[in-house]
Amino acid sequence: MYGYEADKLLCGYQEITRKGDFKVDYSERRELLLNGSKIYSDFVYVSCTNFAGIAFYTNIHCHIFVKPEHNLSSALKNDSEKFYNVLILGIDSLSRLSFMRQLPKTYQFLTKKLNAFILRGLTKVGDNTFPNLIAMLTGKSVLNQELPHIHDPKEPYDSWPFVWKNFSRAGYATLFAEDRPDINLLNYYRGGLQKSPTDHYMRPFWLAVQSSMLHRISSSFCFGNIPKHLLQLRYTQDFVKKYSSIKRPFFAFSFLVELSHDYISHVSSADADLEAWLKQLFHSGYLNRTFLFFLSDHGHRFDALRATLIGRIEERMPFFAVVVPHLLSKNQNGFIQNLRTNQGRLTTPYDAYFSLLDILSHSINHTVLGSIKSDRGSTLFGPVSSNRTCSTAGIPDHYCTCETEENLDISDSRSQKAAITLVTAINNLISKSYKKLCAELSLAEIIRADLILPRREVIVNSRLYFGNLVEDGRARGMITKVTIILRTVPGNALFEGTLILREDEDNVTVLGDISRINVYGNQSSCIDDVILKKYCYCITSEV
């Protein structure tokens, strides 16, 4: 502390521990000794006073306190150096093209120095962060009844089959870090977790930061004089460093939200930091036995670009890169060729999940990479079919980017039908539970309409694409798919939906989810339904 004599300072610390998923506990204050104090927690609050008893320094620090080994498999005990690590770094709301625009230094280092494989065909499987990261972390869809109490978001998620549990059972050290605790994956209008999900869980740190005086007086995106993304990057790197030093394999999932969630252009301020972080990992040798996944959950959902055709495509195709351990890439060329080919294939977050299981199986059972297959997905280390469709890959129609689109005049009867049906569908969703709280929406204008032209094989065998609609015998006559973007009032919400129109009847059907593509802020503050908030304009918000 510059300008102060150490022997005239009185400093103390309090260890910060988790109290459920929404609160933290502070230990009794202990004196911070000049020759050092042993800290037994990852997170600590430090405060110092001068000789007059005036507090002049407060801060919250994070580091990795190595946990004792447990659940070590016999294979790991005998030869831990044959196990491969997994390091996942995610950034919210970044398409592949946006990543290249906003993070050119990071992209250059990934592709030129680390020889990363960039998945150009990876497509999201749900609207926002939740369905896409859950698909990657569990291999399950949140749209079906595949997960416990999926329709009761206030229930805790401890029973869900998160992939870090598989690694933990094998003796891996595990980490889950995510900034912005107010909108975390399992906590935004959700029940969170009763127990800490991993050996190192950063949520208590960010909860403490968010409620601190230092945070309230800090500039945006900073805690004190340090950018918040750097705090999480350093914490993640400390995890990698310390467990590498004791030769214990690790699984880490670190997800940065604040950088790009609200303003896409802000992420560019972290380009140099992200590049430096990768360089440190590389030059320290930590990537020699580590699979690095650098990814996003989806493209930006609310940027002005989103209302354009290219913006729609970018929003559906997040950035996804795979870096293979240096020691492994020299020895097994088969899966390397598969990765190279799969860069241009249709892939999903489900494939990422099965790739993680593939790495674990290869480490424990010495199976060949690329051997895991499933009806839901395919490991990225094996061959992904060139004939894959959105239907067979588990991508809902509304998010499919495999068809050609042509602009449809907004005055066309098909555009008008689609728009009216979409607004009616939104009002029906809201009126079921929140008719007294949310205003009835009206169509203000059609912004854009596009006619979706299916590929030849879809026309020849429509059952492949339309599934039950054909098998139920309801899809007779010419079927047209239209994507529509419109504005509603009150609230000036922008919505996008994909609809099926049948030429021989007036029946128009909404396909899957309806996307909100502009920020809604506090417009829906009167309800806490995480699914329906994007559709609601609170009656009390009307002026």
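Read-outs: derived from the displayed coordinates by stated rules, not from any lab. As the structure is a prediction and not an experimental result, all values here were calculated from the model. Positions of Cβ are backbone-derived with ideal geometry, glycine not excepted, and every protein chain shown enters the neighbour counts.
Remarks
- Segments 99-110, 490-501 sorted - mean Cβ within 10 Å per residue, highest first: 490-501, 99-110
- Ordering Leu207, Ser442, Phe162 by the projection of their Cα atoms onto the charge dipole of the chain, which places +1 on the Cβ of Lys and Arg and -1 on the Cβ of Asp and Glu, puts Phe162 at the extreme positive end.
- Extension gain (nm, one decimal) between Ile54 and Val519, 0.36 nm per residue minus Cα-Cα: 163.0 nm
- Each residue of the range 217-234 is assigned a 3J(HN,Hα), and the resulting list reads 9, 7, 6, 4, 6, 10, 10, x, 9, 10, x, 5, 5, 5, 4, 6, 4, 5 Hz, derived from the Karplus form 6.51 cos²θ - 1.76 cosθ + 1.60 (θ = phi - 60°), x at Gly and Pro.
- Against the main long axis of the alpha-carbon atoms of the chain, helix 333-342 sits at an angle near 50°.
- Ranked by how many other Cβ atoms sit within 10 Å of their own Cβ, fewest first, the residues Ile364, Ile183 fall in the order Ile183, Ile364.
- With Cα atoms, 0 to 90° folded angle of helix 271-283 axis to the chain main axis: 60
- Across the chain: Cys residues that no other cysteine approaches within a C-beta distance under 4.7 Å: Cys62, Cys222, Cys402
- Lys/Arg +1, Asp/Glu -1 at C-beta; the range 307-398 dipole; positive extreme among Ala321, Tyr353, Gly382: Gly382
- The charge dipole of the range 6-62, taken about the Cα centre with unit charges on the Cβ atoms of Lys, Arg (+1) and Asp, Glu (-1), comes to about 40 debye, rounded to the nearest 20.
- Each peptide in 288-299, 442-453 receives the mean, over its residues, of other Cβ atoms within 10 Å, and ordering these scores from highest gives 288-299, 442-453.
- In this simple spin-label approximation, Lys105 and Ala304 carry label points 7 Å from Cα along the Cα→Cβ vector, and these lie 2.7 nm apart.
- This ranking places Trp164, Trp206 by how few other beta-carbon atoms lie within 10 Å of each, fewest first, which gives Trp164, Trp206.
- Restricting the range 234-264 to trypsin sites (Lys or Arg not before Pro) that sit in a DSSP loop and have at most 16 other Cβ atoms within 10 Å of their own Cβ leaves Lys247.
- Degrees separating the helix 129-138 axis from the principal Cα axis of the chain, which is the longest one: 70
- Spatial separation of Cα centroids for the range 363-404 and the range 223-237, in angstrom: 35
- Working from Cα pairs under 8 Å separated by at least six residues, relative contact order for the range 6-62 is 37 percent.
- FRET efficiency estimate (nearest 0.05) - Cβ-Cβ, Glu81 to Thr404, R0 56 angstrom: 0.65
- Distances between placed amide hydrogens fall under 5 Å for Cys438 paired with Ile539, all partners being 5 or more residues away or on another chain.
- Residues of type aspartates and glutamates that Lys436 reaches as a straight line, Cα spacing below 15 Å, ignoring anything fewer than 8 places off in the same chain: Asp528, Asp529, Glu542
- Straight Cα distances below 28 angstrom link Lys481 to the lysines Lys124, Lys140, Lys417, Lys432, Lys533, Lys534, with same-chain residues fewer than 8 positions distant left out.
- Inter-site label distance for Ser385 and Lys247 at 7 Å from Cα along Cβ, in nm: 4.4
- Beta-bridge orientation, the chain: approximately 75 percent antiparallel, per DSSP, counting only bridges with both partners inside.
- Taking His200, His149 and counting other C-beta atoms within 10 Å, the order from fewest to most: His149, His200
- For Rg and Dmax of the Cα atoms in Å, calculated from these coordinates, the label among (1) 30.0, 110; (2) 25.1, 88; (3) 31.0, 98: (2)
- Pairs from the list Lys165/Lys195; Lys23/Lys241; Lys82/Lys279; Lys23/Lys195 with a Cα-Cα gap above 19 Å: Lys23/Lys241; Lys82/Lys279.
- Förster radius 41 Å - calculated FRET efficiency between Thr392 and Glu445, Cβ distance, rounded to 0.05: 0.65
- Distance between the range 309-327 and the range 409-433 - C-alpha centres, whole angstrom: 32
- Integer Hz, Karplus 6.51/-1.76/1.60 couplings in order for the range 483-500, x for Gly and Pro: 9, 10, 10, 9, 10, 10, 10, x, x, 6, 6, 9, 10, 10, x, 10, 10, 9
- For the pair Val46 and Asp506, the difference between a 0.36 nm per residue extended length and the Cα-Cα distance amounts to 158.8 nm.
- Simple spin-label estimate for Ser284 and His366 in nanometres, 7 Å along Cα-Cβ: 3.1
- Magnitude of the charge dipole, the chain, Cβ model with Lys/Arg +1 and Asp/Glu -1, debye to 20: 1300
- Ordering Ile16, Cys402, Gly171 by the projection of their Cα atoms onto the charge dipole of the chain, which places +1 on the Cβ of Lys and Arg and -1 on the Cβ of Asp and Glu, puts Gly171 at the extreme positive end.
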